[in-house]
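The block underneath contains the structure these notes are about, expressed in structure tokens.
Just so you know, all these numbers are worked out from the coordinates, no wet-lab data involved. Quick caveat, the model's predicted, so the values are computed rather than measured. Glycine gets a Cβ as well: all are built from the backbone with ideal geometry, and neighbour counts include every protein chain shown.
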Amino acid sequence: MSALLSFVITMAVAVVVFLVVVVIDMVGVTGTPLKVPGSNTTQGYSTLISKEEVLRAETGHNGIDIDHYLALQEYSGFMKEINSSYPNAEVMIYGKSYEGRDLMAVKFYRNSCNPTIFVEAGIHAREWIASAVTFKIINTIARNSSQDEEMSKLLDLYNWVFVPLVNPDGYDFSRHENRYWRKNKRVVTKNCTGVDLNRNFDINWGTVDASDDPCSDIYCGKAPFSEPETQSLKTFIQASWPLIGYISLHAYAQLIICPYSYTKATPEDFEELAKLAENVTRAIYNTTGEQYLVGEGSRALYEASGCSTDWVKKVLGVKYSYAIEMRPTDNDTRGFSLPASEIEPTSRDIFVALKTFANGFKRNISYLRDSLKNCNNTEEAQKETGRG
């Protein structure tokens, strides 16, 4: 009996090991969930064991690895670490999502009256690479800005605000339920959930490439800024004045997108904006060898109303407002499911782009002169009051 019992136990262990290996193989090297052909759902993501998790367990590494796609709790931990460890970084909660999650931003500043460059990412849940790259850049600035002379000078000149995850509810849903989810998680009807946050800004709202069908991926909401995520972002952007540049990070196509998207008409300074964008593409190519193209949103991609960059440019009057569609190219079959190994090289593309944009903005910083003067006068008055 003992021999038989031993045999049964051995076979049971073998079966368990086999099943674990099969599950690991289904998930893939980077923990990307199994995508069932012809389906928009992610099957059993929360119960699958990724090779990444196995390696962490084997090495005893429990730290936050920003070279992988972060779970939502890791994202929160990363932001807390930045806030507590680096005096040059301030983490702010600027609102709550529909499901009650913190909406978080990181601000780097040395003079509160400096003009602000505002960078947002993760407005579309499935565009994981955009948020991952933003985390990577935040980490690089926090840890290494003193060793990067160019970045240090740009920190002297500008305040930098990064919102790495505009849409945390949708992002979490895309990790556990539906890898290709795009919208937030507002419950609209019994069967339909979510608003496309980048169709919810008050710029030609609800017209071009926007739907009033709550089941549509491009459902624009019941009204402009109907969503807590966009309403909070709107207020935060307005509070970040004087604002000299706004950059919205997306995936994918390797494009620098100039305004506008809602119309084929161009702003008066389009040629200047496009010229700077061309400088950015050259800088990326000369540094990383990657080719990005420049185009107007309505022509290089498609006409679309209610986008953040158009609202910032047209309504707020911010001179420099761009979207960057990062890796991969539009004919790359990996699409939104770019492996985690691409986070590091893509972050180099975008870090070069941000620096080049910032250096280009310097030529027109004078158009904010009155705002900067008023800010400095206010600060001086506050100091005088404090001394009194």
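Before anything else, pin down the relative contact order of the range 72-379: Cα pairs under 8 Å, at least 6 apart, normalised by residue count, whole percent. Walk me through the numbers before you get to the answer.
Values: 632 pairs, mean separation 61.6, N = 308.
Once divided by the residue count of the range 72-379, the mean separation gives 20 percent.
Students often check this: by mean Cβ neighbours within 10 Å, which of 82-88, 325-331 ranks highest, and how do the rest follow?
Working: 82-88: 13.9, 325-331: 18.0.
Listed from highest to lowest mean packing, they are 325-331, 82-88.
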Compute the label zone of S211 within the range 288-314: residues whose backbone N is under 19 Å from the point 7 Å along Cα-to-Cβ.
302-307
Can you check what the net charge comes to around D212, using other residues whose Cβ is under 12 Å from the Cβ of D212 (Lys, Arg +1; Asp, Glu -1)?
0
Only counting other Cβ atoms within 10 Å, I'd like T189, T230 sorted with the fewest neighbours first.
T189, T230
7 Å from Cα along Cα→Cβ at both E149 and K275: what's the point-to-point distance in nm?
2.8
Taking 161-174, 114-127, 96-109 and ranking on average Cβ neighbours within 10 Å, highest first, one gets 161-174, 114-127, 96-109
With the dipole of the range 72-379 defined by +1 on each Lys or Arg Cβ and -1 on each Asp or Glu Cβ, the option from Y302, N167, T266 whose Cα lies farthest towards the positive pole is N167
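From Cα pairs below 8 angstrom and at least 6 apart in sequence, can you work out the relative contact order of the range 179-251, rounded to a whole percent?
Values: 90 pairs, mean separation 17.4, N = 73.
For the range 179-251, the relative contact order is 24 percent.
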Tally Lys/Arg at +1 and Asp/Glu at -1 over every other residue whose Cβ is under 14 Å from the Cβ of A274; what's the total?
-1
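Which whole-number percent gives the relative contact order of the range 268-388, counting Cα pairs below 8 Å spaced six or more residues apart?
Relative CO of the range 268-388 lands at 29 percent.
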Sorted from fewest to most neighbouring beta carbons within 10 Å, what does the list I137, I365, I129 look like?
I365, I137, I129
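Net charge near Y292: determine it from the other residues with C-beta under 14 Å of the C-beta of Y292, scoring Lys and Arg +1 and Asp and Glu -1.
On the way: positive: R282, R327, R348; negative: E278, E290, E325, D330, D332, D349.
Residues close to Y292 contribute a combined charge of -3.
Quick check on the range 72-379: take the gyration tensor over C-alpha atoms, sort the square-rooted eigenvalues as a ≥ b ≥ c, and tell me if it's rounded (a/c under 1.5), prolate or oblate. Don't skip to the end; give the middle numbers.
Details: a/c = 1.29, a/b = 1.23, b/c = 1.05.
Taking the square roots of the gyration eigenvalues as a ≥ b ≥ c, the range 72-379 is rounded.
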Phi-derived 3J(HN,Hα) across the range 175-189 with the Karplus relation (6.51, -1.76, 1.60, θ = phi - 60°), rounded Hz, x for Gly and Pro, is 7, 10, 10, 9, 4, 9, 5, 10, 8, 7, 10, 4, 7, 9, 9
Residues with amide H under 5 Å of S321's amide H, sequence separation 5 or more or different chain, H placed in the peptide plane at 1.01 Å from N; which?
Y246
